[in-house]
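First comes the structure, then the notes that go with it.
The values are calculated or read from the model by the stated rules, or taken from the named source; none is laboratory data. A quick note: this is a predicted structure, and the numbers were derived from the prediction, not measured. Cβ: placed from backbone, ideal geometry, glycine included. Neighbour counts: every protein chain shown. Keep in mind that these areas ignore ligands, DNA and RNA; they rest on the heavy atoms of the full protein, side chains included. Shrake-Rupley method; radii C 1.70, N 1.55, O 1.52, S 1.80 Å.
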Amino acid sequence: MSPQKTPLFPSRLPKVGTTIFTVMSALAAEHHAINLGQGFPDFPCDRKLIEEVNAAMLADRNQYPPMIGITELRNGISKKIERIYNHHYDPDAEITVTAGGTQGILTAILACVSPGDEVIIIEPAYDSYRPSIELAGGKTVAISLEVVRDESGQVASYEIPWDNLKKAINSNTRLIIINTPHNPTGMIWSKADLDQLADLVRDTSALILSDEVYEHMVYDGAKHHSVASHPELAARSFLISSFGKTYHVTGWKVGYVAAPPALTKEFRKVHQFNVFTVNTPMQYGLACYLSNAEHYLNLPAFYQAKRDFFKAGLDKTKFKLLPTPGTYFQCVDYSALDIPQAKFNEADFCKWLTTEIGVAAIPVSAFYEQSTESGVIRFCFAKQEQTLSQALQRLQTL
Ligand code: PMP
């Protein structure tokens, strides 16, 4: 091999390395551990959905679709949002089909954040927000959820840090990113929370990016409160969702962004040049599948059964369970386990749990930029009962 020289250049994302999700999944595979780390289902999606996609391919729907997504899918998304959140988004002017939630988030940020603009995120936060803001040249202003502890000092729940959020908003704030239901904590925003957010931004020019990819995973009869259901917030928000989460097809990477015309216009300018459009047969398949509302209306019961099964098994351990009103994640405080490893930091505890106990989890500290240790880790319960049983058997030895 000739020693050719590759020119070096300053990294656009110098702080980004291998994520903890990749590290834990690799460790899980190496040690044959049950992977409750990364958030994806280990069960198949509905065959009907695959048949619809196959039918579209066989019907030769394999060329470029319209840049903004096929009409049938945008109409279906608009109807769904109107039905459950009582807000009409015009499918032509306000809805864009994206390559998953992640591309929707990056594109929205690139579309509205200019160098020097501030973007507020609330940690623990999904790992794509920060690098997306950096790529846009924006400044990330991170505030943290308040950690509520019980009498014994264990983490009991998380709360929105209203005072810090209020202090963080100023005339440079271009965007505030919220995420409900929330990854990793499972918390959900109430109607009163949305009202409070609206009060804070009313006299500002701040936009909202509302990451609602887990919108159909709320439990115990609770309701998901979307920015779409709040007219004042909807007028300044990018609403992000993902079919990967809703229909158990995380590998398909199809989602959408709904936003008022002025935001959508700028969004599409960027979308046009970072993906142009999203694969055609999946869009036809999803459009057919979406027309049956049961497919998403049944999701809370489906996942609540899994959550309750997993929770009942963990109740037999010394893990302290945090409330999980939404998402497919169960967070636990491990500080009361009667083992020396209970003193480990979260990342070391997760590595030990993977290699020695055979169950992979994700440290919640990975969702903060500055090391923040609370003794809490995240399990994903989007798994078959058999997988959860095996994991529980191992965890019950602790
Ligand atoms: N936001 C959050 C909070 C997520 O957890 C995920 C997926 N892990 C995404 C966005 C990205 O969704 P997608 O896979 O559709 O890109």
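A compact table of results
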{"item": "Residue in region 136-144 that is in contact (Cβ under 8 Å) with a residue 40 or more places away in the chain and of a type in the set (Lys, Arg) present", "result": "no"}
{"item": "Residue selected from region 279-321 under the condition among the small types (Gly, Ala, Ser), part of a helix (DSSP H, G or I) and open to solvent by less than 70 Å² (accessible area, probe 1.4 Å), by the criterion nearest to Leu36 (Cα to Cα)", "result": "Gly313"}
{"item": "Any hit, region 40-48, residues being open to solvent by less than 30 Å² (accessible area, probe 1.4 Å), touching a residue at least 24 places away in the same chain (Cβ under 8 Å), within 16 Å of the ligand (Cβ to nearest atom) and assigned to a loop (DSSP other than H, G, I, E, B)", "result": "yes"}
{"item": "Residue match in region 180-190 (condition: part of a loop (DSSP other than H, G, I, E, B), open to solvent by less than 20 Å² (accessible area, probe 1.4 Å) and away from the ligand (no atom under 14 Å from the Cβ))", "result": "no"}
{"item": "Options Asp203, Asp220; residue that is within 22 Å of the chain's Cα centre (by Cα) and not in a helix (DSSP H, G or I)", "result": "Asp220"}
{"item": "Subset of region 117-127 that is open to solvent by 20 Å² or more (accessible area, probe 1.4 Å) and either modelled with pLDDT under 95 or within 20 Å of Phe40 (Cβ to Cβ) (or both) - its residue that is farthest from the ligand (Cβ to nearest atom)", "result": "Asp127"}
{"item": "Residues of region 255-271 classified as open to solvent by less than 10 Å² (accessible area, probe 1.4 Å) and not in a loop (DSSP other than H, G, I, E, B), total", "result": "7"}
{"item": "Residue satisfying condition, being touching a residue at least 12 places away in the same chain (Cβ under 8 Å), open to solvent by 20 Å² or more (accessible area, probe 1.4 Å) and within 20 Å of Arg174 (Cα to Cα), within set Leu200, Leu209", "result": "Leu200"}
{"item": "Residue list for region 16-37, restricted to those being under 21 Å from the mean Cα position of the chain (by Cα), surrounded by fewer than 17 Cβ atoms within 10 Å (Cβ to Cβ), assigned to a loop (DSSP other than H, G, I, E, B) and not small (Gly, Ala, Ser)", "result": "Val16, Thr18, Thr19"}
{"item": "Of all residues making up region 220-239, the number that are touching a residue at least 60 places away in the same chain (Cβ under 8 Å), open to solvent by 60 Å² or more (accessible area, probe 1.4 Å) and under 24 Å from Pro323 (Cα atoms)", "result": "1"}
{"item": "Residue count, region 240-254 (criterion: crowded, with 24+ Cβ neighbours inside 10 Å, under 18 Å from Ile95 (Cα atoms) and not aliphatic (A, V, I, L, M))", "result": "3"}
{"item": "Of all residues in region 227-247 being within 16 Å of the ligand (Cβ to nearest atom) and more than 14 Å from the chain's Cα centre (by Cα), the one that is farthest from Ile188 (Cα to Cα)", "result": "Tyr247"}
{"item": "Residue match in region 301-317 (condition: under 23 Å from Met187 (Cβ atoms) and touching a Gly at 6+ places or on another chain (Cβ under 7 Å))", "result": "no"}
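Okay, residues lined up against (1) open to solvent by less than 20 Å² (accessible area, probe 1.4 Å); (2) within 16 Å of the ligand (Cβ to nearest atom); (3) polar (S, T, N, Q); (4) modelled with pLDDT of 95 or more:
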{"residue": "Tyr64", "(1), (2), (3), (4)": "no, no, no, yes"}
{"residue": "Lys80", "(1), (2), (3), (4)": "yes, no, no, yes"}
{"residue": "Arg83", "(1), (2), (3), (4)": "no, no, no, yes"}
{"residue": "Thr96", "(1), (2), (3), (4)": "yes, yes, yes, yes"}
{"residue": "Gly100", "(1), (2), (3), (4)": "yes, yes, no, yes"}
{"residue": "Gly104", "(1), (2), (3), (4)": "yes, yes, no, yes"}
{"residue": "Ile109", "(1), (2), (3), (4)": "yes, yes, no, yes"}
{"residue": "Pro115", "(1), (2), (3), (4)": "no, no, no, yes"}
